[in-house]
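What follows is a single structure, written as structure tokens, with notes after it.
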Amino acid sequence: MNRIRWCAASLILAALCAGNSHGQEPFTLQQVLGAPFVSNLVAAKSANRMAWTVNQEGRRNIYGAEGPAFAARQLTSYTADDGGELSDLHFTADGEAVVFVRGEGKDAAGDYANPTSNPEGAEQDVWVVSFHGGAPRKIDAGNSLVISAQGWIAYQRGGQMWLSSVKTEVKPKQIVVRGKNSPAEWSPDGTRLLFASSRDDHSFVGVYDAAAATVKFFAPSVDSDSDPVWSPDGKLVAYTKQPAVPRDTPEGYFVQPDRPHPWAIWVGDAETLTAKEIWHSGTALQDSYPYMAGETGGGVLNWAAGNRIVFASEADGWQHLYSLPADGGAAKLLTPGICEVEQWSFSPDKKTILFNSNCADVDRRHIWRVELHGGPPQELTSSETAAIEWNPVTLSDDSAYAYISSDTRERGLVRIGGMARGGASTAVSGQATSPNFPSASLVTPRQVLFPSGDGLQLHGQLFVPANLRAGVKRPALIFLHGGPMRQMLLGWHYMYYYSNCYAMNQFLASRGYVVLALNYRSGIGYGRAFREAPGRAGRGAAEYQDVVAAGKFLQQQAEVDLARIGLWGGSYGGYLTALGLGRNSDLFAAGVDLHGVHDWPTDNWEGKNIPPDLVKLARDSSPITAVGTWRSPVLFIHGDDDRNVMFSQTVDLVARLRTKNVEIEQLVFPDDVHDFLLYRNWLNGYLAASDFFDRQLGNSRK
């Protein structure tokens, strides 16, 4: 039976009737979810200026501030919840304008995301706006931009490179190169463009000379070259090389058997295009190419001062930064510790690295600095606070740095700090705020540690409703993050998706639920061995035993009703939610599955040279094989233009469960994507989830 009942006729109005009577001041989901979310902080190379994006109830805008006052000013004036994502912020060389991308990209069929179902269609475009305000001006359709010292803009459009300028009289033109090509970096003098050219089973690093209108490649081979960076004088280029593999080698994070991915660093002459290897990794699993650095960090390679190359590696089992002479030699560990370095950037002179990590505070993030010439890292923000800090950037005069900070009660603000260790920091004045944000009514989640079935220590954050009445058993929920390369933290998250999840967990706690956010194996923050645990995903679902352990942990809590434990999560968390409802309906009474994976082989790797035994193992690791034992009610939430998890995954599972008479509810968002582009879809989805749990778990909110 498909049904969703509401306490008001409108989904938006439903938020108004979401109260609480557990000793906390009641607040609505709209109040806690609608606070501004700050991201994409960048600093100009000249003038002490910075810019960032703010998403407030789907209205996305760019803000800027400059020293010495550092008062925030809104640079754009977008007023609609229209899915117009803002990304790729870059200052022009003179700091007078910000170039950015607005909109979501194309799917595999070549269609742009159009979450509002606009009959006129949608597009993803490169724009420029003056730092002093005024209407933004469209450059061209595209994304993944880089800007030269002369104001040339290179960007990707349809898998190809295009060239334009911040000047209005320049007509965009394509740089014609076979393959799928991505601009990487302009030379320091702004005349040559480095790019990576993917040719499916191999890739090249090339250089486009704008004056000569030529394209040449560095030492082309059958291997995969990527991550190119210029030396400060523009004479040399460093890049990574991964060796070719046989065509029948299973690939893909969720399918391939664990095998080493060795890699090397090469340096090439920008004039002769000759190149040579200066360093190569070991052959152990932990020596593998650090793909996480390119996805969430500051890049696999960076060329720093003193003719040294800084690179990321997990050679000691944790993601750290190393430096290496550009002409070869021994690599030096810059960031030691049983902890992870996650995001990093460089000072203007390339002598200092700012980074955030969970060193000394495993379930949070703090800002550190390290000098290339030596010495231990210094903690700039204190690990003794409840703050979570990320996205550090040095201001142009090197006297201060900016970063974004949240804590258990505040969603995030841009702050300015001095370079002295432990120095005070101040929030940029005039930032976007939400006057109805219920900061004082939020609970402080506490860190909990407990063992999995095989003895692995697990971390979680426990949200306990305030002023629980003695002897009254409450329903409980386990939140399962996606990724799986994510980590839930002891406060507001630095990613928009998980910041929303934190808001939802706070809302659920305000309504009387005990909520456990579980950091299961396969996530980040606890080392490579935890993240790359054997038998995970479609190779045995080893992380599912962590979900069971979390359920048993909640059963041991005095305030929890053993018969009313539910699951909720999105993407990979949706996969684990479905797996729990199917395999253990005796333990998990209900669940909300947002855009989850339900059948690993289908839509993921069928027909991709995967041996039959691995295909069978993957299917046995999928929720579809547990349909026969599935008894618990489930709410499915999915956008049907999902580009991460195919919508067919939910279509298929719903059809299978209907044959077993499982109670099913569903909420489908036409034309929205995986990470919902429309704020109203986040709000309505979470209202549906809260209502579903209230009904299925008998939450009286008393």
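The values are calculated or read from the model by the stated rules, or taken from the named source; none is laboratory data. Because the structure is predicted, anything quoted here is derived from the model rather than measured. All Cβ positions, even for glycine, are placed from backbone atoms using ideal geometry, and neighbour counts span all protein chains on display.
Any idea which of (1) out of contact with any Pro (no Cβ under 7 Å at 6 or more places or on another chain); (2) in a loop (DSSP other than H, G, I, E, B); (3) not β-branched (Val, Ile, Thr) is the one ASP225 doesn't satisfy?
With (1) out of contact with any Pro (no Cβ under 7 Å at 6 or more places or on another chain); (2) in a loop (DSSP other than H, G, I, E, B); (3) not β-branched (Val, Ile, Thr) applied to ASP225, the lone miss is (2).
Which of the residues spanning the range 284-328 are surrounded by fewer than 18 Cβ atoms within 10 Å (Cβ to Cβ) and within 20 Å of ASN391 (Cβ to Cβ)?
Of everything in the range 284-328, those that are surrounded by fewer than 18 Cβ atoms within 10 Å (Cβ to Cβ) and within 20 Å of ASN391 (Cβ to Cβ) turn out to be GLY294, GLU295, THR296, GLY299.
Show me the strands (runs of 3 or more DSSP E) entirely contained within the range 329-371 in which 3 or more residues are touching an Asp or Glu at 6+ places or on another chain (Cβ under 9 Å) and surrounded by 20 or more Cβ atoms within 10 Å (Cβ to Cβ).
352-357, 366-371
When both residues are 6+ apart or on different chains and their Cβ atoms are under 9 Å apart, which pairs have a first residue that lies in the range 684-698 and is under 15 Å from PHE588 (Cα atoms), and a second that is part of a loop (DSSP other than H, G, I, E, B) and aromatic (Phe, Trp, Tyr)?
Listed pairs, sorted by first residue: PHE693/TYR513; LEU697/TYR513.
Do you know which residues across the range 224-253 are out of contact with any Asp or Glu (no Cβ under 9 Å at 6 or more places or on another chain) and either crowded, with 18+ Cβ neighbours inside 10 Å or closer than 15 Å to VAL267 by Cβ (or both)?
Selection gives ASP225, SER226, ASP227, SER231, PRO232, ASP233.
For the range 554-571, check the following and say yes or no: at least one residue is outside any strand (DSSP E or B) and among the acidic types (Asp, Glu).
Scanning the range 554-571, I find at least one residue that is outside any strand (DSSP E or B) and among the acidic types (Asp, Glu), so the answer is yes.
Considering LEU562, LEU508, which residue is within 21 Å of ALA689 (Cα to Cα) and surrounded by 23 or more Cβ atoms within 10 Å (Cβ to Cβ)?
Exactly one residue qualifies, and that residue is LEU508.
Could you check how many residues of the range 100-126 are acidic (Asp, Glu) and crowded, with 22+ Cβ neighbours inside 10 Å?
The qualifying residues number 1.
Among the listed residues ASN55, ASN61, which satisfies the condition of being at pLDDT 95 or above and touching a helix residue (DSSP H, G or I) at 6+ places or on another chain (Cβ under 7 Å)?
The conditions single out ASN55.
Among the residues of the range 598-617, is any assigned to a loop (DSSP other than H, G, I, E, B), in contact with a helix residue (DSSP H, G or I) (Cβ under 9 Å, 6 or more places away or on another chain) and free of Cβ contacts under 8 Å to residues at least 24 places away in the same chain?
Scanning the range 598-617, I find at least one residue that is assigned to a loop (DSSP other than H, G, I, E, B), in contact with a helix residue (DSSP H, G or I) (Cβ under 9 Å, 6 or more places away or on another chain) and free of Cβ contacts under 8 Å to residues at least 24 places away in the same chain, so the answer is yes.
Have a look at VAL662, VAL634 and point out the one that is over 17 Å from GLY573 (Cα atoms) and buried (at least 17 other Cβ atoms within 10 Å of the Cβ).
Going through VAL662, VAL634 in turn, just one is over 17 Å from GLY573 (Cα atoms) and buried (at least 17 other Cβ atoms within 10 Å of the Cβ): VAL662.
Among the listed residues GLN457, GLN487, identify the single one that is crowded, with 16+ Cβ neighbours inside 10 Å, within 26 Å of the chain's Cα centre (by Cα) and at pLDDT 95 or above.
Testing whether each residue is crowded, with 16+ Cβ neighbours inside 10 Å, within 26 Å of the chain's Cα centre (by Cα) and at pLDDT 95 or above leaves just GLN487.
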